[in-house]
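Below is one structure, written out as structure tokens, with a few remarks after it.
The values are calculated or read from the model by the stated rules, or taken from the named source; none is laboratory data. Remember, predicted model here, so these are calculated numbers, not experimental data. For neighbour counting, all protein chains shown are included, and Cβ atoms are generated from backbone atoms with ideal geometry for every residue, glycine included. Note: accessible area is taken over every heavy atom of the protein model, side chains too, but ligands, DNA and RNA are not part of it. Shrake-Rupley method; radii C 1.70, N 1.55, O 1.52, S 1.80 Å.
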Amino acid sequence: MKIFKNATVVTGDGKTVLEKANVIETDGLVADVNLYYDENIESYAEEVIDCTGKCVMPGMINHHQHGVTFGTMFASGCVNYGREFILDHLDRSLLQGHTTVLNVDGFATMDEVEETQKCHPIRIKTATTHAPINYHAGELCDGKGFQPKHKAMTVEKMLADGAVCIGEVGGGHTLGGGGQDYLYIPRAVKEAKGKDIDYLQARAMKLSVLGRYIEESYYEHDRVATALKEVKLDSFLTPEETRDIVYKTTLASVKVALDGYREAAGLAKRYNVPLMIHNAPTSKYIVHEIAKMGLSTLICCHSNYLFTTEECVENGRYLKQFPGVVLDAAVHDPWGAKHLVSGPENLYAFYENDLVDVISTDFAAGHSDSMLEAIQHSALEKKLVDLAKAVRQGTSRVTEVLPLLAPNLGLLKKGYSADIVVTEYPQLKNVERVYIGGKLVAKDGKVFR
């Protein structure tokens, strides 16, 4: 038995926040959540944690994460970042209060997921995109991580072996998003010119050539020349060279990747499983098309991303009219690294307009801020959403949308698995302890693998 006493307890049900409350864990399960108990039971407890000034809640269920298995990464099928990075990334996620992660690098195989799980206490599940058109889009963009076993795998077999959904279909690498900015365009410039450029310079190249909606017809010599001068690339890149690099890295896979949405939607309908799709300006209209198909669950990933604030709100409201559509709001990195997203305005707008169904972190080149930090700023500081509701969007609501991801998790309720996070209060981002199935797996910044 473990007793967490005198805490601010957020149960995850979307309604309940208890002050000076107690959570009792027994044999890996939540045994009780109460305001009063007989203190004589403390003599029977293995551990009594005084949580005065702390918050106790269910572990966050991060349903959109890359780089968390030893398999290929992204929709582009690239070689993963290496074992050390992956384990460190899982450590980082656990220390942020995420006790379950869903791998949405959809070409990983089940053996790669299971191998990773053996090395880390965080709960790891996976999605799948093992289908011909999506595979071809990955090859056109990169595909260097594909092995014969990836090519032989199918969505049907992955679902039978435990994949929880189809996704993430499309992505910032195959559809001209952030993956091009921090990976493929800088790599291509280095190969062509021997020069290192940063992600902002790469983004300026991409947007000047293709625009925000990734259109081949957008190119104009003078516009590109101006952009190159503004980001100090004009000394070694011409507009024509820039166009050729961006077309080769970014444009080649876009049309095929969009066709992959239809392929995946057909499979999701056939097998009656949730579908997760990349929702951004490039894919806006194909997302609308899929939304009209009447899938049982269509998760529109990071719906607050890459659009202007006005666009993401307008697009979110449009999508919400279709049954089965679930809007995911991604945290990214607006408070920390600020590499992918410079500020939280779009996230705040989603909360203000009650468009958030579920939240996740996404990847942000491995530097995403935590779901708890987003909840802290949005609920406790900005008062844009009720705390109980915000926590639910990262816990029990996720389990409803993706039933196979985290069964018997997401609530502090009798009989539920004791995945428990203890944080400072109201500074929720400061995670002090993490328990999975009642076992202490992280404390004061240290992970116990």
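Quick test for you: out of Leu411, Leu384, pick the one residue that is farther than 21 Å from Gly28 by Cα, part of a loop (DSSP other than H, G, I, E, B) and open to solvent by 20 Å² or more (accessible area, probe 1.4 Å).
On the way: Leu411 fails: farther than 21 Å from Gly28 by Cα.
Criteria check complete, one pass: Leu384.
Just to verify a result, which residue in region 271-294, among those that are open to solvent by less than 10 Å² (accessible area, probe 1.4 Å), within 18 Å of Thr129 (Cα to Cα) and not β-branched (Val, Ile, Thr), is farthest from the chain's Cα centre (by Cα)?
Restricting to residues being open to solvent by less than 10 Å² (accessible area, probe 1.4 Å), within 18 Å of Thr129 (Cα to Cα) and not β-branched (Val, Ile, Thr), the top hit is Ser283.
Please find, within region 226-274, the residue that is nearest to Thr399 (Cα to Cα) out of those that are of a type in the set (S, T, N, Q) and part of a loop (DSSP other than H, G, I, E, B).
Asn272
Just one of Ala374, Ala365, Ala379 is of a type in the set (Gly, Ala, Ser), out of contact with any Gly (no Cβ under 9 Å at 6 or more places or on another chain), open to solvent by less than 40 Å² (accessible area, probe 1.4 Å) and not in a strand (DSSP E or B); which is it? Break it down stepwise before answering.
Working: Ala374 fails: out of contact with any Gly (no Cβ under 9 Å at 6 or more places or on another chain); Ala365 fails: out of contact with any Gly (no Cβ under 9 Å at 6 or more places or on another chain).
Every option except Ala379 fails the conditions.
Would you tally the residues in region 326-338 being surrounded by 20 or more Cβ atoms within 10 Å (Cβ to Cβ) and in a loop (DSSP other than H, G, I, E, B)?
Within region 326-338, residues that are surrounded by 20 or more Cβ atoms within 10 Å (Cβ to Cβ) and in a loop (DSSP other than H, G, I, E, B) number 4.
Looking at this structure, is Glu112 in contact with a Lys or Arg (Cβ under 7 Å, 6 or more places away or on another chain) and of a type in the set (D, E, K, R)?
So Glu112 fails the test.
Quick one: would you say Glu230 is under 33 Å from the mean Cα position of the chain (by Cα), over 20 Å from Ala337 (Cβ atoms), open to solvent by 20 Å² or more (accessible area, probe 1.4 Å) and in contact (Cβ under 8 Å) with a residue 24 or more places away in the chain?
yes
With the condition being among the small types (Gly, Ala, Ser) and either open to solvent by 30 Å² or more (accessible area, probe 1.4 Å) or under 30 Å from Thr242 (Cβ atoms) (or both), I'd like the helices (runs of 4 or more DSSP H) fully within region 89-186 carrying at least 2 qualifying residues.
Because the criterion is at least 2 residues that are among the small types (Gly, Ala, Ser) and either open to solvent by 30 Å² or more (accessible area, probe 1.4 Å) or under 30 Å from Thr242 (Cβ atoms) (or both), the helices (runs of 4 or more DSSP H) in region 89-186 that meet it are 132-141.
Considering only region 295-332, state which residues are touching a Phe, Trp or Tyr at 6+ places or on another chain (Cβ under 8 Å) and at positive phi.
Across region 295-332, the qualifying residue is only His332.
Please work out which one of (1) free of Cβ contacts under 8 Å to residues at least 40 places away in the same chain; (2) of a type outside the set (A, V, I, L, M); (3) open to solvent by 30 Å² or more (accessible area, probe 1.4 Å); (4) not in a loop (DSSP other than H, G, I, E, B) is the condition Gly316 fails and give its number.
(3)
Of the residues in region 287-311, how many are in a helix (DSSP H, G or I) and without any contact (Cβ under 8 Å) to a residue 40 or more places away in the chain?
Total meeting the criteria: 7.
State yes or no: is Gly53 open to solvent by 10 Å² or more (accessible area, probe 1.4 Å) and either under 19 Å from the mean Cα position of the chain (by Cα) or over 20 Å from Lys439 (Cα atoms) (or both)? Talk me through it step by step, then tell me what you get.
Details: open to solvent by 10 Å² or more (accessible area, probe 1.4 Å): yes; either under 19 Å from the mean Cα position of the chain (by Cα) or over 20 Å from Lys439 (Cα atoms) (or both): yes.
Yes; evaluated as a whole, the condition is true for this residue.
Can you tell me which condition Ser208 does not meet? The list is (1) open to solvent by less than 40 Å² (accessible area, probe 1.4 Å); (2) at pLDDT below 95; (3) of a type in the set (Ser, Thr, Tyr), and all the others hold.
Condition not satisfied by Ser208: (2).
Which residues, taken from region 339-362, are touching a residue at least 40 places away in the same chain (Cβ under 8 Å), surrounded by 17 or more Cβ atoms within 10 Å (Cβ to Cβ) and on the phi < 0 side of the Ramachandran plot? Lay out the reasoning, then the answer.
The initial filter retains those residues of region 339-362 that are touching a residue at least 40 places away in the same chain (Cβ under 8 Å), namely 339-340, 346-347, 349-350, 353, 355, 357-358, 360-362.
Then keep just the ones that are surrounded by 17 or more Cβ atoms within 10 Å (Cβ to Cβ); that gives 339-340, 346-347, 349-350, 355, 357-358, 360-362.
Those that are touching a residue at least 40 places away in the same chain (Cβ under 8 Å), surrounded by 17 or more Cβ atoms within 10 Å (Cβ to Cβ) and on the phi < 0 side of the Ramachandran plot: His339, Leu340, Asn346, Leu347, Ala349, Phe350, Leu355, Asp357, Val358, Ser360, Thr361.
When region 68-86 is examined, which residues are found to be surrounded by fewer than 22 Cβ atoms within 10 Å (Cβ to Cβ) and touching a residue at least 60 places away in the same chain (Cβ under 8 Å)?
Val79, Asn80, Tyr81, Phe85, listed by residue number.
From the list Ala192, Ala202, exactly one residue is buried (at least 24 other Cβ atoms within 10 Å of the Cβ) and either free of Cβ contacts under 8 Å to residues at least 60 places away in the same chain or under 27 Å from the mean Cα position of the chain (by Cα) (or both). Which is it?
Just a single option satisfies the conditions, and that option is Ala202.
Considering only residues of region 1-33 that are surrounded by fewer than 13 Cβ atoms within 10 Å (Cβ to Cβ) and farther than 11 Å from Gly438 by Cβ, which is farthest from the chain's Cα centre (by Cα)?
First, pick out the residues of region 1-33 that are surrounded by fewer than 13 Cβ atoms within 10 Å (Cβ to Cβ): 15, 19, 27.
Going one step further and asking which of them are farther than 11 Å from Gly438 by Cβ, we end up with 15, 19.
Details: Lys15: 25, Glu19: 31 Å.
Going through the qualifying residues, I end up with Glu19.
What's the number of the only condition in (1) in contact (Cβ under 8 Å) with a residue 12 or more places away in the chain; (2) open to solvent by 10 Å² or more (accessible area, probe 1.4 Å); (3) outside any loop (DSSP other than H, G, I, E, B) that Glu400 fails to meet?
All conditions pass for Glu400, except number (1).
Just to verify a result, which residue in region 437-449, among those that are more than 20 Å from Ile86 (Cα to Cα) and not in a strand (DSSP E or B), is most open to solvent (accessible area, probe 1.4 Å)?
Restricting to residues being more than 20 Å from Ile86 (Cα to Cα) and not in a strand (DSSP E or B), the top hit is Asp444.
Quick one: which of Val391, Val434, Val421 is in a strand (DSSP E or B), among the aliphatic types (A, V, I, L, M), touching a helix residue (DSSP H, G or I) at 6+ places or on another chain (Cβ under 7 Å) and open to solvent by less than 10 Å² (accessible area, probe 1.4 Å)?
Residue meeting the stated conditions: Val434.
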